[in-house]
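Structure first, commentary second.
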Amino acid sequence: MPPWQHSKKDDKAAMTFNHRPGRLQKAPEFFLTREAMTLSRDDRRSFLRKAFLAAGGAAGTLALSKGAVAADGDPAILNLPAHTKGLGQPVAARPYGLPSKHEENLQRRESPGLTRVGAASVSFAPLQGFFGIITPSGLHFERHHQGWWDIDPAQHRFMINGLVKNPKVYTMDDLMRMPSISRMHFIECGANTGMEWGNVAVPTVQYTHGMLSCCEFTGVPLKWLLDDCGADFKKGKFVLAEGADGSSMTRTINMANVLDDVMVAYAMNGEMLRPENGYPLRLVVPGVQGVSWVKYLRRIEVGDMPYAAKDETIHYVDLMPDGQHRQYTSIQEVKSVITSPSGGQVLIDKGFFNITGIAWSGRGKIQKVDVSVDGGKNWKSARLETPILDKCLTRFNIDWTWNGGDAILMSRATDSTGHVQPTMTALRKVRGTKSIYHNNSIQSWLVSANGEVSNVQIG
Amino acid sequence: MYKSVNTRVQRRGATLWTIATLLAIGLTSPVSAQTTAWGKLGRTATPAEIKAWDIDVRPDFAGLPAGSGAVSKGQDVWESRCESCHGTFGESNEVFTPIIGGTTAEDIKTGHVAALRNDSQPQRSTMMKVSQLSVLWDYINRAMPWNQPKSLSTDEVYAVVAYILNMAGVVPNDFVLSDKNIAATQGRLPNRNGTTLAHGMWDVAAKPDVQGSNCMTNCATSVTISSRLPDYARNAHGDIATQNRLIGSVRGADTLRPAAKTFVSPAERKPATAGPAAAAGAKPDPVKLANQHACMACHGVANKVVGPALQDVHKKYSGQPAADVARQLAARIKAGGTGTWGNIPMPPQGHVPDADIQAIAEWIANGKF
């Protein structure tokens, strides 16, 4: 029998459990017997009916999904709901569609106390609820250094200067008339998982790994534009990218990256970029940390030395145990995380679970993801879902049966260069605990006997 | 028209090759060799346009405009434009990480900040980290003051940089920083020798420094948990139950309550934040509202985060009738304000429905957290 099927014995056990004498009577909105329904028609008990109606489908369905239904069957089947007996909403009632109201729990959120001002802060993407590899545009993580803007694209200009024969200015019309490419890539903040270098600091995968998103980007390869300006690729080993917002963010990009796959993008997931993500133009630097993906991109300068910008001299430098800062750390190394079951979640039952997660590498494709459920003693290779793309998230899944005891879930990715994701211990041995940036260690989730999953580190 | 472009490139230490190329362009068509069908899109940037945008200053000080500023003038600019966020002595961590602190006269000699090798400083200041003086000038010029970037004059930027260096003991009180002496001043920066490129995360062909294990079976004899979230932090990120989907194989843990002792399926457990109470017309749960409207991003119940602990707010007004306090707090939440609890302003919360503000205000006023 496949692991996801319950045996009749399981169902019987569940029923018995629910009717065990001496247990607390279940609230009527979760377990409605004929008697309760009769009572609910009684004026004296009418609050029960109100409670049931208000608690609504979601809560009611939760309990019943376990198979513990009333004698006649499931009221969700027997009592035809309003949506089956009424007229629904017309087309274009919401001209720009929105997620279901039942999904409102999945939002990008700040980590309390991490930053002091919202315009220089970060909001984390709810990885715990994502499927596949594409991040919905509205849930893409945010990092702003000096607030976000909704810039008039007709007034936006993009300039290329420096070591070029012909410094040029392009309008959005110019850029969008050019041949375009579309690519799917992950973007991860260099400080993702940065709060966990010393010890466990945050409860859920949203806060441990949520400065991570993955989208399809459309735009023009920067190489084409540099060719158009007659860039000196012999001397020009670096480019400076600069934003148009108040911070006028700057970062140095290696010319090797530019020649490979850097693009000037105006679209994300089939629509124009969202304002929070740099509308109308941002740099896409596949495999490189998010701070280099300069938003509101206004200028590229070709130069013969790195620029030592603020975010590569004072921030985004990795402190090593010997007191030296690693400068220009850019590549996001091989990494993976189980997104469900994950920290802060509770398993709804014993038995079968699909362990699911994501893996990525700034150096190439994901080759393999191994999963351990015993704290790293033994590992099994997970199924990789397609597509498996360069510098893009890869979804993995593996079957697991929770027997009700303690378990420690971990995932470990290997990329196409053979780089294997290290343990926290191995990483600390070389880099200490004060690096802040580029923590790509193996994440551990403890499943306790009470069904709760929590963030732990293995020593 | 290429004169200023040439000047700019020369300042950047361009070789004869580049200069020759630019001269050649000046003599021929300004359009570069374009072989693509779309090559005529875009146009040549004018010198004035390049001057307006090309403001970056490199580590070799290429791009730095001529000018100067004295420490004393920098102090004036600091007190009027910088101090409210960064503190009188650049030491404040209330809004941003400190600028000044943690460097010594010995560090100025060695070019290595010793405090980076030990735990003597609670936070790393800008002066502890910064290895290139050009970036102080560049960043203040491009992005400061935070709410009015690019509003300082060239000489004001020199002056503020001079004052910061003076506060860090790098330059004397009578120092005047200028484009003439900035390169020499770089030689006194406390952490000027504090960076390394010896790592695998810059050059795309470089090797990573930490390689994981391929082991598949019997990889460890024992497993020790070395770190976990302390119980008191259970609710530090709000109610996790409200941060997870309500269907599927898992639910979010109800972190408003202690963890269950034994397994109880969350599908059968009544969520603390929903249910009959709300349906019976009772007031909405203020804890849920406070989380929903992100109050808890800045206020802990028992601890100060950015704003004061809610318990402290309650205590401050506990001598007054709760209804009056609730009314005052509601007005304060709606309008925002500063001064009662320090300098950091609480932003106005006009977007939050009045009923929700009232419920949150009553919750704080009643003090039953």
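The values are calculated or read from the model by the stated rules, or taken from the named source; none is laboratory data. What you are looking at is a predicted structure, and each value in this text was computed from that prediction instead of being measured. Reconstructed Cβ throughout: ideal geometry from the backbone, glycine too, with neighbour counts over all protein chains shown.
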Inset, instruction - Please indicate, with yes or no, whether at least one residue in segment A:414-427 is assigned to a strand (DSSP E or B), more than 22 Å from A:Gly132 (Cβ to Cβ), hydrophobic (A, V, I, L, M, F, W, C) and in contact with a Ser or Thr (Cβ under 9 Å, 6 or more places away or on another chain). - result: yes
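Taking the condition assigned to a loop (DSSP other than H, G, I, E, B) and under 25 Å from A:Ser330 (Cα atoms), does B:Met216 pass?
no
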Inset, instruction - Identify, by number, the condition in (1) basic (Lys, Arg); (2) at the interface with chain B (Cβ under 9 Å from one of its Cβ atoms); (3) over 17 Å from the mean Cα position of the chain (by Cα) that A:Arg109 doesn't meet. - result: (3)
Inset, instruction - Among what's in segment B:219-277 and is surrounded by 21 or more Cβ atoms within 10 Å (Cβ to Cβ) and touching a His at 6+ places or on another chain (Cβ under 9 Å), pick the residue that is modelled with the highest pLDDT. - result: B:Gln243
Inset, instruction - Please verify whether segment A:421-428 includes one or more residues that are modelled with pLDDT of 95 or more, within 20 Å of the chain's Cα centre (by Cα) and not charged (D, E, K, R). - result: yes
Inset, instruction - Residue by residue through segment B:140-182, note down the ones that are at positive phi and under 24 Å from the mean Cα position of the chain (by Cα). - result: B:Lys150
Inset, instruction - Scan (1) in a helix (DSSP H, G or I); (2) facing chain B (nearest Cβ under 10 Å); (3) within 30 Å of B:Glu49 (Cβ to Cβ) for the single condition A:Gln128 breaks and write down its number. - result: (3)
Inset, instruction - Test A:Ala119 against the criterion of being in contact with a Gly (Cβ under 7 Å, 6 or more places away or on another chain), within 14 Å of another protein chain (Cβ to nearest Cβ), assigned to a helix (DSSP H, G or I) and at pLDDT 50 or above, and give yes or no. - result: yes
Inset, instruction - Could you grab the pairs with beta carbons closer than 6 Å, sequence gap of 6+ or different chains, first residue in segment B:72-93 and of a type in the set (Val, Ile, Thr), second one modelled with pLDDT of 95 or more? - result: B:Val77/B:Glu156; B:Val77/B:Ala159; B:Val77/B:Val160
Inset, instruction - Identify the residue in segment A:190-243 that is in a loop (DSSP other than H, G, I, E, B), more than 9 Å from chain B (Cβ to nearest Cβ) and aliphatic (A, V, I, L, M) and, among all such residues, is nearest to A:Met176 (Cα to Cα). - result: A:Met211
Inset, instruction - Would you please list the contacts, defined by Cβ atoms under 7 Å and residues six or more apart or on different chains, that run from a residue in segment B:333-356 that is under 18 Å from B:Leu310 (Cβ atoms) to a residue that is acidic (Asp, Glu) and in a loop (DSSP other than H, G, I, E, B)? - result: B:Ile344/B:Glu94
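Specify which of the listed residues (B:Pro190, B:Pro230) is in contact (Cβ under 8 Å) with a residue 60 or more places away in the chain and more than 7 Å from every other protein chain (Cβ to nearest Cβ).
None of the others qualify; the one that does is B:Pro190.
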Inset, instruction - Select from segment B:103-138 the residues that are out of contact with any helix residue (DSSP H, G or I) (no Cβ under 9 Å at 6 or more places or on another chain) and among the β-branched types (Val, Ile, Thr) and list them in ascending order. - result: B:Ile108, B:Thr110
Legend entry - In segment A:371-389, residue farthest from A:Val456 (Cα to Cα) [restricted to those that are assigned to a loop (DSSP other than H, G, I, E, B) and touching an Asp or Glu at 6+ places or on another chain (Cβ under 8 Å)]: A:Ala382
Legend entry - Neighbours by Cβ (under 6 Å, 6+ apart or cross-chain): first from segment A:210-235, assigned by TED's automatic domain parsing to the domain that holds A:Leu127; second among the basic types (Lys, Arg) and assigned to a strand (DSSP E or B): A:Phe217/A:Arg183; A:Cys229/A:Lys168
Inset, instruction - Answer yes or no: is there a residue in segment B:280-303 that is modelled with pLDDT of 95 or more, surrounded by 20 or more Cβ atoms within 10 Å (Cβ to Cβ), at the interface with chain A (Cβ under 8 Å from one of its Cβ atoms) and not in a loop (DSSP other than H, G, I, E, B). - result: no
Inset, instruction - Can you tell me which residue within segment A:408-435, out of those that are facing chain B (nearest Cβ under 9 Å) and in contact with a helix residue (DSSP H, G or I) (Cβ under 9 Å, 6 or more places away or on another chain), is nearest to B:Pro208 (Cα to Cα)? - result: A:Pro422
Inset, instruction - At least 1 residues that are in contact (Cβ under 8 Å) with a residue 24 or more places away in the chain, more than 13 Å from chain B (Cβ to nearest Cβ) and under 20 Å from the mean Cα position of the chain (by Cα) in each: list the strands (runs of 3 or more DSSP E) lying fully within segment A:252-334 that qualify. - result: A:263-268, A:282-284
Inset, instruction - Please work out if B:Ser125 is touching a residue at least 24 places away in the same chain (Cβ under 8 Å) and touching a strand residue (DSSP E or B) at 6+ places or on another chain (Cβ under 8 Å). - result: no
Inset, instruction - Within segment A:158-180, identify whether any single residue is touching a residue at least 24 places away in the same chain (Cβ under 8 Å), in a strand (DSSP E or B), in the same structural domain as A:Asn269 (by TED's automatic domain parsing) and under 27 Å from B:His86 (Cβ atoms), and answer yes or no. - result: no
Legend entry - Test result for A:Gly60, over 30 Å from A:Lys295 (Cα atoms) and at pLDDT below 95: yes
Legend entry - Complete set of residues in segment A:317-346 that are closer than 16 Å to B:Val210 by Cα and aliphatic (A, V, I, L, M): A:Leu319, A:Met320, A:Ile331, A:Val334
Inset, instruction - Search segment A:335-370 for residues being surrounded by fewer than 21 Cβ atoms within 10 Å (Cβ to Cβ) and in a strand (DSSP E or B), and hand back the single one that is farthest from the chain's Cα centre (by Cα). - result: A:Gly351
